[in-house]
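The values are calculated or read from the model by the stated rules, or taken from the named source; none is laboratory data. Remember, predicted model here, so these are calculated numbers, not experimental data. Note: ideal-geometry Cβ built from the backbone for every residue, glycine included; neighbour counts use all protein chains shown. Calculation scope for accessible area: heavy atoms of the full protein, side chains included, ligands and nucleic acids excluded. Shrake-Rupley method; radii C 1.70, N 1.55, O 1.52, S 1.80 Å.
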Amino acid sequence: MKLKIYTYLTSLFFCISACNHSKDIVFSESGNEKFRPEYHFTPKTAWMNDPNGMFYLDGEYHLFYQYYPDSTVWGPMHWGHAVSTDLTSWEHLPVALEPDSLGYIFSGSAVVDSKNTSGLGSLDNPPIVAIFTYHDPRGEREGELDFQTQGIAYSLDKGRTWTKYDKNPVLQNPGIKDFRDPKVQLFKDEKGNESWLMSLAVKDHIEFYSSNDLKNWIKLSEFGNKIGAHGGVWECPDLIPLKTESGETKYVLLVSINPGGPQKGSATQYFIGDFKEGVFIPDDTMIRWLDYGPDNYAGVTWSNLPSEQNRTLFIGWMSNWLYANQVPTETWRSAMTIPRELSLFDIDGTYLVKSSPAHEIEEIRKETYFINDNSTELPGVSVEIEATVTGEDSFELSFSNELGEEFKISKEMGLLSVDRSNAGISDFNPDFATIHSAPMSWETEKLQIFLDAHSVEVFINDGELVITSILFPKSPWKSLILSENLKNGKLYLLQK
Ligand code: FRU
């Protein structure tokens with residue numbers, strides 16, 4: 001209770017000081033809602049980081065997330081929970097998992113155990129099993145090494161309430177400080193035998209574990225020591241089967257890394273290869289990034305999607321540990337990216353992952369505007385813009401407001417850049433106001449940009465290259481100017 005009163009007083013104090021210093025920022029009726037996105041997921045109040053435990057069941061997409069309900073900065077982690085039937089409108093549900101004597105509830109995943117292999121439900125009412133990391137703050141404080149272990153919890157009522165397994169943890173720590181973020185999936189081997197496969201981030205590599213009941217786990221193999229980017233700790237893995245154009249199955253291993261991303265701080269790299277007899281074998285040692293922007297981290301995919309959807313659905317945390325705790329929102333912190341569909345494409349014989357906007361976003365296009373004369377006024381802060389690139393493969397497009405702030409997207413000499421060096425509030429962190437670039441050696445054909453109250457997601461050629469950035473303009477973007485060779489400009493006003 002004391003903590004709650006303290007938190008309330010602190011936020012009151014921050015609100016008073018922040019409201020005073022930014023009087024001219026009017027995004028909505030209520031001052032403390034400024035920067036609240038229209039169609040990106042945000043917690044109702046308080047701190048959020050990684051997406052966790054996403055699964056689909058009976059028409060509902062479940063999204064859990066790292067959550068600290070008592071503050072707008074990171075703290076003792078819970079799993080917050082929301083559901084959606086359309087991936088754009090979310091219903092907030094009560095906190096799903098709270099810390100207990102074994103520790104905080106760090107990131108993890110959830111599976112529908114439809115054959116009741118865990119015995120935690122029945123065949124008539126199969127359990128949903130969440131697998132997460134316990135982070136014991138006492139062990140950490142006292143300098144122990146084994147303070148992260150894996151635990152499970154189950155739900156018998158479509159994810160509404162959760163019971164922790166009474167024999168947790170199910171996977172002990174062998175004495176390694178970073179031992180976390182289990183992503184579990186149902187795996188079918190070459191002979192058709194099914195088992196549960198866990199990908200776990202262990203300091204500087206990924207470990208794979210196998211289980212028949214989600215309670216007893218056997219280590220299969222390790223991957224990644226000295227392969228890929230190693231500028232920081234490895235986190236939040238996901239092993240995803242994706243088909244090539246010729247119908248061959250490749251495995252894509254997502255690995256988030258912090259720091260050490262291409263734009264400083266956090267980012268998600270991936271490897272492409274095969275997964276055979278419990279071992280991940282990469283095709284090559286090339287470093288590939290899922291998103292070249294600074295603000296897409298710890299993203300993973302949904303489990304249990306119906307096979308007729310025939311897609312791999314991903315969502316990421318739209319922030320960066322460099323400044324996540326400092327961004328200028330008041331009653332809540334952080335949003336998720338728009339949901340994206342992952343697939344493989346081929347550039348000169350090399351496979352890369354494409355992240356395309358989930359088609360559900362098209363359902364919230366409310367009005368369509370055609371951009372004439374390569375410039376337009378923006379009808380709102382939540383818009384989608386499309387254009388095709390003609391002629392020379394270089395272009396520029398810029399958003400601006402009446403305060404002279406600007407956000408620019410351009411391509412020149414094979415380098416795609418987004419420039420937020422003069423795009424609004426940035427004094428909360430010296431690394432924020434800068435230009436982010438990505439190499440793109442192949443032709444740009446199509447540009448698609450999703451703008452919301454505090455973010456811009458740029459998708460090139462339907463997601464062959466993606467740059468996600470958050471930004472905090474002091475006044476909403478008013479005008480858009482496109483270079484001459486950007487044609488067929490179209491703008492959609494997005495509204496749920
Ligand atoms: C990634 C991460 C995870 C961890 C969680 C804690 O952003 O550091 O590795 O489980 O956040 O909130």
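Worth pointing out:
- Sequence of Thr368, Thr42 when ordered by accessible area, the most exposed leading, probe 1.4 angstrom: Thr368, Thr42
- Folded to 0 to 90 degrees: helix 2-21 orientation relative to the chain principal axis, Cα: 20
- Seen from Asn173, the other residues with C-beta closer than 12 Å to its C-beta sum to a net charge of -3, counting Lys and Arg as +1 and Asp and Glu as -1.
- For Asp462, neighbours were defined as the other residues whose beta-carbon sits under 10 Å from its Cβ, and their charges (Lys and Arg +1, Asp and Glu -1) total -1.
- Distance between the modelled labels on Asp86 and Glu144, one decimal in nanometres: 4.9 nm (7 Å Cα→Cβ projection).
- You can think of it this way: the chain between Asn485 and Glu277 has 69.8 nm of extra reach, that is 0.36 nm per residue less the Cα-Cα gap.
- Working note: 222 nm ellipticity from helices only, DSSP H runs with n ≥ 4, each -39,500 (n - 2.57), summed and divided by the residues of the chain, gives -1500 deg cm²/dmol to the nearest 500.
- Average accessible area per residue (Å²) across the chain - probe 1.4 Å, nucleic acids and ligands excluded: 41
- Once the convex hull of all Cα atoms in the chain is built, its volume per residue stands at 150 Å³.
- Each label point was placed 7 Å from the Cα along the Cα-to-Cβ direction; for Ser307 and Glu222 their separation is 3.7 nm.
- Summed side-chain charge close to Ser334 - residues other than Ser334 whose Cβ falls under 14 Å, Lys, Arg +1, Asp, Glu -1: -1
- About the Cα centre, charge dipole magnitude for the chain (Lys/Arg +1, Asp/Glu -1 at Cβ), debye: 1260
- Here region 220-280 and region 324-362 have alpha carbon centers that stand 16 Å from each other.
- Theoretical gain in end-to-end length, Glu386 to Lys203 [0.36 nm per residue, Cα-Cα removed]: 61.8 nm
- In Å², nearest 10: area of Phe280 left accessible to a 1.4 Å probe: 10
- Sequence-distant lysines (8 or more away, or on other chains) whose Cα lies within less than 19 Å of Lys487: Lys408, Lys411, Lys446
- Percent carbon-and-sulfur accessible area, region 443-496, ignoring ligands, DNA and RNA, probe 1.4 Å: 45
- Heavy-atom accessible surface of region 46-357: percent carbon and sulfur, 1.4 Å: 47
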